[in-house]
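Step one of this worksheet: look at the structure below.
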Amino acid sequence: MDRAGVEYSIIAPNIPGPSDLDYELKEPGARISNNYTAELCAGRPDRFRGLAVLPFT
């Protein structure tokens, strides 16, 4: 990132997201994804920002 002049990176979950899961798995799936993204960003909060996913029905 430094060599490319990138100050920080945005971590965004890729598809398929929780909206593609069965209804009863949407909320837990979103929570798992968001917790994982938060853990990644917590390791280098100066370099990473995270986007949350929402369990749309």
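We did not get these values from a lab; they are worked out from the coordinates using the rules stated. What you are looking at is a predicted structure, and each value in this text was computed from that prediction instead of being measured. Reconstructed Cβ throughout: ideal geometry from the backbone, glycine too, with neighbour counts over all protein chains shown.
Against the empirical curve 2.2 N^0.38 Å, the C-alpha radius of gyration of the chain lands at a ratio of 1.32. Restricting to Cα pairs below 8 Å that are 6+ residues apart, what does the relative contact order work out to for the chain? Please round to a whole percent. Contact order relative to length: 46 percent. In plain terms, the chain from residue 51 to residue 35 could stretch by 4.7 nm, reckoned as 0.36 nm per residue minus the Cα-Cα distance. In a reduced charge model with +1 at each Lys and Arg Cβ and -1 at each Asp and Glu Cβ, segment 9-50 shows a dipole moment near 280 debye about its Cα centre. Ranking 52, 41, 28 by Cα position along the charge dipole of the chain, where only Lys, Arg, Asp and Glu carry charges on their C-beta atoms, puts 41 farthest toward the positive end.
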